[in-house]
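Chemist: Next up is a structure, given as structure tokens.
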């Protein structure tokens, strides 16, 4: 362990103020060309996800097909950013998306609970990377965090980062279990300092998952780190973002909190399963001028 | 020369009352006369102007030479009041309550003295006793309010947002007062009590014609644990001091007892300079209930409203994939 | 190697993805070519026969012509109000009175969109604000006070309360309908009748309110709306048969009114200017504080009497706060008030723009450091001003002492809480103040020592009908809103 727990202090967060600010982004009215541009951008930021006990190579194959060709009836649509699967499905996915630019992300470290010994988590990570994962989505040890063992959390993230090698590390805070925005900010800072390339809200297995105020607080942690160091960190809200309208609100938030450089799937992702189709539905509406139906869009 | 004679006569009479007489009107022992001064910042200074006016009773008998308070005496009083006000307002309500009650105790003990003072001023014994008793009771009344009026007249306001919002009453600050011209004791006290009960500091001009009662009352205040400067008492003439009271920019409110139309107009006009609050109170029948009311405390308070966010459960939005 | 203490890298808000124009539709809005005076339940021509233009400050275009009421018209309005008071309004059961006020609240809610658009057209404020704040709050104010009508004895235990009679009300241009609601709602609920004058640059929503009052079936003369400039206001203030003057506006005019009513029995409440301190301590929730600063000074183009126009930042966080503030200012959108994405609309009038520009010049002249974001301003006949920040200011600067009533913030640093308190209170004004800190005991220390009528702790510029509003010292006297707001329109004997 080369890195030692740094001295830092996280700013306090006033929840009501953060909620008000987050709500303010939802008041932006995004119309016409700006909307089409946002919908395409959002689609290109989706980590198309399947994380079920029942996942099979067949299911993953369909998912990858969707990632590469979101909708045949709309030529020129971007691909999604990545597919996000369990480590055992990485090889299947990797073969399917090869050469497309679509990344394969693997959840690792005893996802979603994170309740496993550290060496198991490291093996889990190494396995995912060895199977070809471009990105690793790890979970932090929330129990340790909530009992005040911040150094443990920090060290673990640093260890996983090391295990990732060239794969980019997304650190899932599971914000729905952290209780307060103060904790979320602190966990964000720990993850960033420990080496996270991305910070991510949720596993999608716990409610509430991603919310605007939570994401805002994490974006502000990213911004503050950028102000201090000039280093960019990515952000991935995950879980609960199902509609195009929500996605556009998030993009507004990214735009007005971090600006141009983060408005790309290199630095911002949506962890979602059903969002892609809703984005497509809205894109068709914008193009054709009439409301569409899910019957015309493939559900994979 | 006639006046001079009266004076000597009065003094002789007082000497007889207070000292011992040998039966033929010649005192065995000459009583000591009291010099009436002002009450400023917890001290009893003479007027800086060196001027005086003769206070006489109804039968034109000289009672005392009173200080003819000046503009500078007023200025000094405002400085003393401003200095004392913050700390006075920061005292606990319980403490302010006890001090007001202490005033009642001190006055009750000096009941006979004040009956004598008022009798000198022309009150019948019965009137004087009624006045003193009412003043004691009024102090007790306001003592009780000190830790209660906030409870009744403050508010928690149910705003339609995620905020805790409450309104409390704060003192206006330095309150200048023209005491009622009648009832030199009860009137003065009725003006002082609600103002200090609410945490203000007071500069009050006593009734010109019953000013001895006011300065004697200052001695009561002085021995009641009331911090110096919280109440400052001037004696003098309304006509001389009115404009200074009304224009002083470090005065937050001007409480005027009376009904003189020219005074009212001048005060309202001049108060606009710093928007001090002009408050006019009918001084008729000081024994009436409305001179003994929490609404009189409210008259020299400001409503302050404070907002603070209330965090709710973080449940909004989101969910599983 | 030790990290260099260089300035923070900037974020790039000139994004490839920008927001397309999103103008609110004006299709459903009816603005007549000309408006008359609303007296005794009818629209009547002014005896002056004069009309003045009301313009859209975002374009300079004339929206409508507004009648100018002279002494004669005001007299007619006062007589109508007196008659309505004596024959109808004071005799009506309180419960019925309340129901009329409820009706007004409901009608405003029904026509909220129309009112919002007109408010933004006539006054220049962003549609987001008129839609989300001004109009809903105006309706809420009527709704709140409606319910008081039959409950007044409970508000003043053991006292006798009586309405005052005819209330003369003069309101400003910064929140036209909302200020009308603040004045009319409590006056009606307490049983008074009204002659009210909107500001000359923003009469339209008051006149639409007159239409709505007709629709509500209010007895003629209970509410009279006379339009005009200062002379019309003076006619109301000086009218001998008016029992109450309620004024919201500048401290200068407030003083003139106070002097004008001297010697009369008119009861007066004044809601005047301010120069609020917004205090950011080192343990503040910084990002929310930055948002509070923005909201405190750039809300409604800074045309807000309680605006947090003096910022005090503790030195240890000053650099961070100012950097974040400037960053945040880069994302503010200045432009078409009717665009739903506009954050800062048009300055209300040419005159006000001139005043603001003059103060910006003064600030520069005083040596303060000047900052404006790089946003574009519309190039048309409208009145525009970028959000403005002055750092390195001092208590002795005019831009720190005087109310600018525009989007101009003056920043000072402080070292201790004590210093913050001293400087915050070092002003003849006392309307509002803001405090940002995470520590409860510190919040209460500051909120109890600040000499102002409204204190926002860890928030700013919040309003609610249940929450009293009004100042200390030269910010005026009397309260509007809440239980305290009732006393302004009642004779309380107890």
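Chemist: Among the residues in region A:249-257, are any facing another protein chain (nearest Cβ under 10 Å), at negative phi, modelled with pLDDT under 95 and surrounded by fewer than 24 Cβ atoms within 10 Å (Cβ to Cβ)?
Modeler: No, the conditions are met nowhere in region A:249-257.
Chemist: A follow-up question, please. Could you tell me which of the residues B:246, B:239, B:213 is part of a helix (DSSP H, G or I), under 24 Å from residue B:185 (Cα atoms) and touching a strand residue (DSSP E or B) at 6+ places or on another chain (Cβ under 7 Å)? First the steps, then the outcome.
Modeler: Details: B:239 fails: touching a strand residue (DSSP E or B) at 6+ places or on another chain (Cβ under 7 Å); B:213 fails: touching a strand residue (DSSP E or B) at 6+ places or on another chain (Cβ under 7 Å).
Exactly one residue qualifies, and that residue is B:246.
Chemist: When both residues are 6+ apart or on different chains and their Cβ atoms are under 7 Å apart, which pairs have a first residue that lies in region C:478-494 and is within 9 Å of chain B (Cβ to nearest Cβ), and a second that is buried (at least 23 other Cβ atoms within 10 Å of the Cβ) and in a strand (DSSP E or B)?
Modeler: Matching pairs, first to second residue: C:479/B:303; C:479/C:469; C:481/C:469; C:482/B:167; C:484/B:167; C:484/B:303.
Chemist: In the list C:69, C:80, which residue meets the criterion of being surrounded by 16 or more Cβ atoms within 10 Å (Cβ to Cβ), touching a strand residue (DSSP E or B) at 6+ places or on another chain (Cβ under 7 Å) and in a helix (DSSP H, G or I)?
Modeler: None of the other options fit; the residue is C:80.
Chemist: Conditions first: (1) free of Cβ contacts under 8 Å to residues at least 60 places away in the same chain; (2) within 12 Å of chain C (Cβ to nearest Cβ); (3) surrounded by fewer than 21 Cβ atoms within 10 Å (Cβ to Cβ); (4) assigned to a loop (DSSP other than H, G, I, E, B). Residue B:284 passes all but one, so which condition is the exception?
Modeler: (2)
Chemist: Here are some residues: C:163, C:176. Which one is more than 14 Å from every other protein chain (Cβ to nearest Cβ) and either more than 18 Å from the chain's Cα centre (by Cα) or surrounded by fewer than 24 Cβ atoms within 10 Å (Cβ to Cβ) (or both)? Spell out how you get there, then give the answer.
Modeler: Numbers: C:176 fails: either more than 18 Å from the chain's Cα centre (by Cα) or surrounded by fewer than 24 Cβ atoms within 10 Å (Cβ to Cβ) (or both).
Of the residues listed, the single one that is more than 14 Å from every other protein chain (Cβ to nearest Cβ) and either more than 18 Å from the chain's Cα centre (by Cα) or surrounded by fewer than 24 Cβ atoms within 10 Å (Cβ to Cβ) (or both) is C:163.
Chemist: Could you check region B:153-168 and list, in sequence order, the residues that are facing chain C (nearest Cβ under 7 Å) and not in a loop (DSSP other than H, G, I, E, B)? I'd like the intermediate steps shown before the answer.
Modeler: In the first step, residues of region B:153-168 are kept if they are facing chain C (nearest Cβ under 7 Å); the result is B:155, B:157-161, B:163, B:165, B:167.
Selection gives B:155, B:163, B:165, B:167.
Chemist: Looking at A:66, A:126, which one is farther than 17 Å from residue A:171 by Cα and surrounded by 15 or more Cβ atoms within 10 Å (Cβ to Cβ)?
Modeler: Numbers: A:126 fails: farther than 17 Å from residue A:171 by Cα.
Only one candidate qualifies: A:66.
Chemist: Can residue B:43 be described as modelled with pLDDT of 95 or more and in the same structural domain as residue B:211 (by TED's automatic domain parsing)? Full working, then the answer.
Modeler: Numbers: modelled with pLDDT of 95 or more: yes; in the same structural domain as residue B:211 (by TED's automatic domain parsing): no.
So residue B:43 fails the test.
Chemist: Against the condition more than 14 Å from every other protein chain (Cβ to nearest Cβ) and in contact with a helix residue (DSSP H, G or I) (Cβ under 8 Å, 6 or more places away or on another chain), how does residue B:232 come out, does it pass?
Modeler: Values: more than 14 Å from every other protein chain (Cβ to nearest Cβ): yes; in contact with a helix residue (DSSP H, G or I) (Cβ under 8 Å, 6 or more places away or on another chain): yes.
For residue B:232, the condition - more than 14 Å from every other protein chain (Cβ to nearest Cβ) and in contact with a helix residue (DSSP H, G or I) (Cβ under 8 Å, 6 or more places away or on another chain) - is met.
Chemist: While we're here: In the list A:160, A:184, which residue meets the criterion of being part of a helix (DSSP H, G or I), surrounded by 24 or more Cβ atoms within 10 Å (Cβ to Cβ), within 14 Å of chain B (Cβ to nearest Cβ) and at negative phi? Reasoning before the result, please.
Modeler: Values: A:160 fails: within 14 Å of chain B (Cβ to nearest Cβ).
Criteria check complete, one pass: A:184.
Chemist: How about region A:163-181: which of its residues are in a loop (DSSP other than H, G, I, E, B), touching a residue at least 40 places away in the same chain (Cβ under 8 Å) and within 26 Å of residue A:103 (Cα to Cα)? Spell out how you get there, then give the answer.
Modeler: The first filter runs over region A:163-181 and keeps only residues in a loop (DSSP other than H, G, I, E, B), leaving A:165-167, A:173-174, A:178-180.
Subsequent filtering for residues that are touching a residue at least 40 places away in the same chain (Cβ under 8 Å) retains A:173-174, A:180.
Those that are in a loop (DSSP other than H, G, I, E, B), touching a residue at least 40 places away in the same chain (Cβ under 8 Å) and within 26 Å of residue A:103 (Cα to Cα): A:173, A:174.
Chemist: Report yes if residue C:113 is surrounded by fewer than 18 Cβ atoms within 10 Å (Cβ to Cβ), assigned to a helix (DSSP H, G or I), within 22 Å of the chain's Cα centre (by Cα) and at pLDDT 95 or above, otherwise no. Show your work before the answer.
Modeler: On the way: surrounded by fewer than 18 Cβ atoms within 10 Å (Cβ to Cβ): yes; assigned to a helix (DSSP H, G or I): yes; within 22 Å of the chain's Cα centre (by Cα): yes; at pLDDT 95 or above: yes.
Yes; evaluated as a whole, the condition is true for this residue.
Each row is one residue, and each column tells you yes or no for (1) facing another protein chain (nearest Cβ under 7 Å); (2) under 30 Å from residue C:295 (Cα atoms); (3) in a helix (DSSP H, G or I).
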residue	(1), (2), (3)
A:5	no, no, no
A:19	no, yes, yes
A:24	no, yes, yes
A:38	yes, yes, yes
A:63	no, no, yes
A:78	no, no, no
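Chemist: Of the residues A:237, A:213, which is buried (at least 22 other Cβ atoms within 10 Å of the Cβ) and more than 30 Å from residue A:4 (Cα to Cα)?
Modeler: Numbers: A:237 fails: more than 30 Å from residue A:4 (Cα to Cα).
Result of the check over A:237, A:213: A:213.
Chemist: Could you count how many residues in region C:435-449 are closer than 19 Å to residue C:285 by Cβ and more than 14 Å from chain A (Cβ to nearest Cβ)?
Modeler: Let us first name the residues in region C:435-449 that are closer than 19 Å to residue C:285 by Cβ, namely C:435-447.
Now restrict to residues that are more than 14 Å from chain A (Cβ to nearest Cβ): C:441, C:444-447.
Number of matching residues: 5.
Chemist: Going by the structure shown, is residue C:379 over 29 Å from residue A:19 (Cα atoms), away from chain B (no Cβ under 14 Å) and modelled with pLDDT under 95?
Modeler: Numbers: over 29 Å from residue A:19 (Cα atoms): yes; away from chain B (no Cβ under 14 Å): yes; modelled with pLDDT under 95: yes.
For residue C:379, the condition - over 29 Å from residue A:19 (Cα atoms), away from chain B (no Cβ under 14 Å) and modelled with pLDDT under 95 - is met.
Chemist: Scanning for something closer than 24 Å to residue B:237 by Cα and assigned by TED's automatic domain parsing to the domain that holds residue B:291, does region B:83-90 turn up at least one residue? Before the answer, list the steps.
Modeler: Keep residues of region B:83-90 that are closer than 24 Å to residue B:237 by Cα, which gives none.
Checked against the condition, which is being closer than 24 Å to residue B:237 by Cα and assigned by TED's automatic domain parsing to the domain that holds residue B:291, region B:83-90 yields no hits at all.
Chemist: In region A:225-237, is there at least one residue being outside any strand (DSSP E or B), touching a strand residue (DSSP E or B) at 6+ places or on another chain (Cβ under 8 Å) and more than 9 Å from chain B (Cβ to nearest Cβ)? Reasoning before the result, please.
Modeler: In the first step, residues of region A:225-237 are kept if they are outside any strand (DSSP E or B); the result is A:225-233, A:237.
Next, only the ones that are touching a strand residue (DSSP E or B) at 6+ places or on another chain (Cβ under 8 Å) stay: A:233, A:237.
Still in the running and more than 9 Å from chain B (Cβ to nearest Cβ): A:233.
Yes, because at least one residue in region A:225-237 is outside any strand (DSSP E or B), touching a strand residue (DSSP E or B) at 6+ places or on another chain (Cβ under 8 Å) and more than 9 Å from chain B (Cβ to nearest Cβ).
Chemist: Here's something else I'd like to know. How many residues does region C:454-476 hold that are within 8 Å of another protein chain (Cβ to nearest Cβ) and closer than 24 Å to residue C:142 by Cβ?
Modeler: The number of residues fulfilling the criteria is 9.
Chemist: Select from region B:80-115 the residues that are without any contact (Cβ under 8 Å) to a residue 40 or more places away in the chain and either under 16 Å from the mean Cα position of the chain (by Cα) or surrounded by 17 or more Cβ atoms within 10 Å (Cβ to Cβ) (or both) and list them in ascending order.
Modeler: Those that are without any contact (Cβ under 8 Å) to a residue 40 or more places away in the chain and either under 16 Å from the mean Cα position of the chain (by Cα) or surrounded by 17 or more Cβ atoms within 10 Å (Cβ to Cβ) (or both): B:104, B:108, B:115.
Residue-wise test of (1) touching a residue at least 24 places away in the same chain (Cβ under 8 Å); (2) assigned to a loop (DSSP other than H, G, I, E, B); (3) within 19 Å of the chain's Cα centre (by Cα).
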residue	(1), (2), (3)
C:213	yes, no, no
C:246	yes, no, yes
C:253	no, no, yes
C:259	no, no, no
C:270	yes, no, yes
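Chemist: State whether the residues of region C:436-458 include one that is assigned to a loop (DSSP other than H, G, I, E, B) and surrounded by fewer than 21 Cβ atoms within 10 Å (Cβ to Cβ). First the steps, then the outcome.
Modeler: So the first thing to find is which residues in region C:436-458 are assigned to a loop (DSSP other than H, G, I, E, B), and the list is C:437-439, C:450-453, C:458.
Those left that are additionally surrounded by fewer than 21 Cβ atoms within 10 Å (Cβ to Cβ): C:438-439.
The answer is yes, given that some residue of region C:436-458 is assigned to a loop (DSSP other than H, G, I, E, B) and surrounded by fewer than 21 Cβ atoms within 10 Å (Cβ to Cβ).
Chemist: Go over the candidates B:150, B:127 one by one and state the one that is surrounded by fewer than 20 Cβ atoms within 10 Å (Cβ to Cβ), touching a helix residue (DSSP H, G or I) at 6+ places or on another chain (Cβ under 9 Å), within 14 Å of another protein chain (Cβ to nearest Cβ) and more than 28 Å from residue B:264 (Cα to Cα). Walk me through how you get there before you give the answer.
Modeler: Details: B:127 fails: within 14 Å of another protein chain (Cβ to nearest Cβ).
Just one listed residue meets the conditions, B:150.
Chemist: Look at residue A:218 and say whether it is at pLDDT 95 or above, touching a helix residue (DSSP H, G or I) at 6+ places or on another chain (Cβ under 7 Å), more than 11 Å from chain B (Cβ to nearest Cβ) and assigned to a loop (DSSP other than H, G, I, E, B).
Modeler: Values: at pLDDT 95 or above: yes; touching a helix residue (DSSP H, G or I) at 6+ places or on another chain (Cβ under 7 Å): yes; more than 11 Å from chain B (Cβ to nearest Cβ): yes; assigned to a loop (DSSP other than H, G, I, E, B): no.
Against the criterion (at pLDDT 95 or above, touching a helix residue (DSSP H, G or I) at 6+ places or on another chain (Cβ under 7 Å), more than 11 Å from chain B (Cβ to nearest Cβ) and assigned to a loop (DSSP other than H, G, I, E, B)), residue A:218 does not qualify.
The values are calculated or read from the model by the stated rules, or taken from the named source; none is laboratory data. Source: prediction; values computed, not measured. Cβ: placed from backbone, ideal geometry, glycine included. Neighbour counts: every protein chain shown.
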